[in-house]
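Q: Pasting a structure below so you can have a look.
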Number of protein chains: 4
Amino acid sequence: MAGSVNKVILVGNLGKDPEVRMTQGGAKIVSFTLATSDTWNDRASGERRERTEWHRVVIFNDRLADVAERFLRKGRQVYLEGSLQTRKWTDQGGQERFTTEVIIDRFRGELTLLDSRPDGEAGGQYGAPAERRQAAPAYSGNAGPDDEIPF
Amino acid sequence: MAGSVNKVILVGNLGKDPEVRMTQGGAKIVSFTLATSDTWNDRASGERRERTEWHRVVIFNDRLADVAERFLRKGRQVYLEGSLQTRKWTDQGGQERFTTEVIIDRFRGELTLLDSRPDGEAGGQYGAPAERRQAAPAYSGNAGPDDEIPF
Amino acid sequence: MAGSVNKVILVGNLGKDPEVRMTQGGAKIVSFTLATSDTWNDRASGERRERTEWHRVVIFNDRLADVAERFLRKGRQVYLEGSLQTRKWTDQGGQERFTTEVIIDRFRGELTLLDSRPDGEAGGQYGAPAERRQAAPAYSGNAGPDDEIPF
Amino acid sequence: MAGSVNKVILVGNLGKDPEVRMTQGGAKIVSFTLATSDTWNDRASGERRERTEWHRVVIFNDRLADVAERFLRKGRQVYLEGSLQTRKWTDQGGQERFTTEVIIDRFRGELTLLDSRPDGEAGGQYGAPAERRQAAPAYSGNAGPDDEIPF
DNA sequence: TTTT
DNA sequence: TTTT
């Protein structure tokens, strides 16, 4: 392959609080769904139409998994970069299924919180835990190692 | 929605010649699969690993559908931008299935051919039709209207 | 040229209200500066460092120039895509100078407002004019033509 | 800053072989100019117009600086991601000048070679050194640390 | 000049 | 399931 690029850029809002799970090896994996929305005027009717797209995001990168666990909550707006990956799995009936996810792993991906909320007004609006209320609410980072992350 | 972004950027190679179909309304739809590839050294074994990801791309934009039909062929390397869309369909057994595609439509998307081949050396390498051999082999365009496309 | 890509993606805040000017031909041109910021821990001292980068953005696209004029104000957070262009000019001393700008023109570019403010709480925070207070505060659009813009 | 993004994506060709220099601290810095090109039909005359844009790229990331030094040559086509940075300097007359560059540093950036050339046909076309002729000609990497780079 |  |  003469060089390839597989990149997704999303700005959207979390549909729910993220799910956190640990691998047997002790690595943290955080996943959530992110909504993006398009609105347009229908050509025929002139009516305003809207379509919401739901994206499944999975973070394998240890550091960004930590950040996601601490700062991401239902409703929060986020900018992220990841790559597309389609995973095969078998359903209860033994049928092959495919699920496409946006992956942030140790190689690639970024996560930036966009709608920082000052302490006072956060008001549990996003179910923010203690950490978020105390920490700087805006975070930005890429998939690099600890000492190379600008925050 | 306080502003959202849904963007995919891919550089890869077509797995097959594109498929062209027409809607009842006479619009052209072109679809193809695009391969991207990652290679890395496994942390444990140190072995070189490779993973190819296949992306399903669908072009609803009339102009870019034309370009894709004329210039894209199996193996050809392309840069493209589109947006993610997951479509629900029902399989033969009546089961709901989901397929995620990269959409280039009248609103958004770009297509740029990267591996232009001068006439002499094309040699049918990509099954290029007459048009491609005669036309300028590198094309770039976005999803805008006819007179706004830079080519 | 075998296909090329020239794309800038920025999320930042306007340093001032945008400037609007008209060409002799009656086209509207809107320009502003956008701040992006990086923070990181210095490797040697461990101190937290910050650097703000200022980007000069110029919108030649009629539709997005209108949107920018109506909705963008000092402090507002925006996502945008454009392309890089370096312009030569001559200073008062007759010396050649170069300025690099992020261009949104009739061919390419996008503009999405990220920090929509409901009427009630906008509070003149961004000097929002009457239009903004009345209109839907979140806007998203690309450089396409009128009837192809999703808003 | 409530989260910001400063990203440039370019696909273009090197204008010259890259320049390599070392800092006093022993870090390698590689810089080059990259051409991107737009062609369009003029609205008034209908004539085909072309404009080439030159981008100044500077790589501070050790690993990618190595890759650039070894594999990049005049004419080579590359995909890269970096961030915009405007640097102030003083010319011989004591006047302040500004230069905008695309930076790939230890925090952010990617570099992917697009026009891989098999050994046989490279033919010194890009002044490829011994390494390039022997090594896998397609390379892709991001700004992460050694053991996290997929190649 | 923004923002946190 | 988000958001406006």
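Each reported figure results from applying straightforward, stated rules to the coordinates on display, with no laboratory input. None of these values were measured; they are calculated from a predicted model. Note: ideal-geometry Cβ built from the backbone for every residue, glycine included; neighbour counts use all protein chains shown.
Q: Summing Lys, Arg as +1 and Asp, Glu as -1, what charge do residues with Cβ under 9 Å from the Cβ of residue C:42 carry, residue C:42 excluded?
A: So the surrounding residues net to +2.
Q: Calculate the length of the line joining the C-alpha centroid of the range C:14-40 to that of the range B:1-51, in whole Å.
A: 35
Q: Would you mind giving the mean number of other chain beta-carbons within 10 Å of the Cβ of each residue in A:33-41, as a whole number?
A: If you average over the peptide's residues, the count of other-chain Cβ atoms is 6.
Q: While we're on this one: Per residue of A:77-84, what is the mean number of Cβ atoms on other protein chains within 10 angstrom of that residue's Cβ?
A: Shielding by partners across A:77-84 averages 5.
Q: Going by how many other beta carbons lie within 10 Å of each one, how would you line up C:104, B:103, fewest first?
A: B:103, C:104
Q: Could you please report the charge total around residue B:96, scoring K, R as +1 and D, E as -1 over all other residues with beta-carbon less than 13 angstrom from its beta-carbon?
A: The answer is +2.
Q: Now, a different point. A 28 angstrom limit on the alpha carbon distance is what I want to check against. Which of A:7/A:28; B:16/B:88; A:28/B:16; A:7/A:74; C:28/D:74; C:88/D:7 exceed it?
A: In this structure, A:28/B:16; C:28/D:74 lie more than 28 Å apart at Cα.
Q: Only Cα pairs under 8 Å and at least 6 apart count here; give the relative contact order of the range B:53-115 as a rounded whole percent.
A: 45
Q: Sticking with this one: At residue A:50, with labels set 7 Å past Cα in the Cβ direction, how many nm apart are the copies from this one, shortest first?
A: The answer, with the shortest distance listed first, is 3.5, 4.7, 4.7 nm.
Q: Give me the net charge for the shell around residue A:4: Cβ to Cβ below 14 angstrom, other residues only, Lys and Arg +1, Asp and Glu -1.
A: -3
Q: When Cβ neighbours within 10 Å are restricted to other protein chains, what is their mean count per residue of peptide D:6-19?
A: 5
Q: Here's something else I'd like to know. Measuring from label point to label point, each 7 Å out along Cα→Cβ, what is the residue B:17 to residue D:90 span in nm?
A: Roughly 6.6 nm, to one decimal.
Q: While we're looking at this one, here's another question. For a footprinting-style exposure proxy, rank B:29, D:9, C:59 by other Cβ within 10 Å, fewest first.
A: Taking fewest neighbouring Cβ atoms as first place, the list is B:29, D:9, C:59.
Q: Each residue of the range B:88-102 in order: what ³J(HN,Hα) in whole Hz does its phi give by Karplus 6.51 cos²θ - 1.76 cosθ + 1.60, θ = phi - 60°, with x for Gly and Pro?
A: 9, 9, 10, 7, 4, x, x, 8, 5, 10, 10, 10, 9, 10, 9
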